[in-house]
Structure formats: structure tokens, C-alpha cells
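As C-alpha cells, the structure follows; a few thoughts come after it.
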Amino acid sequence: QVQLVESGGGLVQPGGSLRLSCAASGSIFNINAMGWYRQAPGKQRELVALKSNGGSTNYADSVKGRFTISRDNAKGTVYLQMNSLKPEDTAVYYCHARGWPWESWGQGTQVTVSS
């Protein structure tokens with residue numbers, strides 16, 4: 001299992017950009033995939049983007065074309081570049097890593113899109 005620490009959240013105006021970062025520590029060589037989830041008030045946590053060690057990616061339909069996930073497998077880091085942000089992107093964003101048979105979560109970072 002690994003420990004995850006996120007950074008990069010904040011307040012941004014609609015149409016703006018933010019970049020989230022997440023660094024894993026511990027047994028990073030056991031990670032199979034890393035990604036980002038988000039949870040808005042009153043809603044369930046949902047997948048935003050996921051990237052496997054092999055490079056395959058999976059995005060939520062609502063962020064396709066606007067968000068880009070990237071990883072540095074050797075360093076155990078994952079990033080989320082968020083462009084053209086909308087008010088509905090407002091949520092707490094959580095970094096996620098999984099191996100077998102475990103998964104780890106970060107503490108979450110708030111992203112608020114508002115004018």
C-alpha cells in the first residue's frame with residue numbers, strides 16, 4: 001500500500017485552468033494504476049480520470065477534451081491538468097492508487113470554480 005498527498009486545488013473562475021498533483025510514497029513499485037476521483041456536495045464520489053501503468057486512460061464523459069491525466073510511474077506521481085473549468089467541476093478531488101489487492105486514497109483537495 002502507499003500514502004498519497006495531493007496539492008494544487010483552489011479557487012478559479014469559469015474558463016480557467018488548474019493543475020492537480022499527487023505524490024505517492026511507500027511501495028510505489030506495487031502500483032498498477034493511479035487516477036483522480038471527485039465528490040461534490042450531496043453527490044457520490046465519481047471517477048474523473050484513470051491511467052494504468054501500461055498507459056491506457058479512462059475519462060469521465062463530462063471532462064473529456066478538457067482534462068488530461070499524466071503519470072510518472074518511476075516517481076509514483078500523477079497529475080491532472082484541468083482546462084476550461086466549469087462551475088459543475090466544483091468538488092473535492094481525491095487522488096487514488098491501486099495495486100493488488102489494495103487501494104489507497106489521498107486526503108482530498110478542494111477545487112472551486114466560481115466568478
Legend entry - Around E6: net Lys/Arg minus Asp/Glu count, Cβ-Cβ under 13 Å: +2
Legend entry - S70 accessible area, assembled protein chains, probe 1.4 Å, Å²: 40 Å²
Legend entry - Distance between segment 69-115 and segment 1-63 - C-alpha centres, whole angstrom: 2 Å
Legend entry - Solvent-accessible area per residue for segment 1-110 (1.4 angstrom probe, square angstrom): 52 Å²
Legend entry - Selected from W100, S115, V78, residue furthest toward positive end of dipole (the chain; charges at beta carbon): V78
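Report the percentage of all Cα-Cα pairs in the chain whose separation exceeds 17 Å, rounded to a whole percent. Write down the numbers at each step before the final one.
Values: 3253 of 6555 pairs.
Tail of the P(r) past 17 Å holds 50 percent of the pairs.
What order do E46, E88, E6 take when sorted by accessible area (1.4 Å probe), most exposed first?
Working: E46 80, E88 125, E6 15 Å².
Result, largest first: E88, E46, E6.
So what is the relative contact order of segment 2-112, in percent, for Cα pairs below 8 Å that sit 6 or more residues apart?
Numbers: 261 pairs, mean separation 40.6, N = 111.
Relative CO of segment 2-112 lands at 37 percent.
Heavy atoms only, probe 1.4 angstrom, no DNA, RNA or ligands counted: give me R71, R98 ranked by accessible area, highest first. The partial results should precede the final answer.
Values: R71 40, R98 100 Å².
Result, largest first: R98, R71.
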Legend entry - Percent accessible area from carbon and sulfur atoms, segment 17-110, protein chains only, probe 1.4 Å: 48 percent
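If you place +1 on the Cβ of every Lys and Arg, -1 on the Cβ of every Asp and Glu, and leave all else neutral, what size is the dipole of the chain about its Cα centre, to the nearest 20 Debye? Don't skip to the answer; put the middle values down first.
On the way: 11 positive and 7 negative charges, 24 e Å.
Its charge dipole is roughly 120 debye.
The values are calculated or read from the model by the stated rules, or taken from the named source; none is laboratory data. Model, not experiment: these values are computed from the prediction. All Cβ positions, glycine included, derive from the backbone under ideal geometry; neighbour counts span all protein chains shown. Remember, those area values only see protein heavy atoms, side chains included, never the ligands or the DNA or RNA. Shrake-Rupley method; radii C 1.70, N 1.55, O 1.52, S 1.80 Å.
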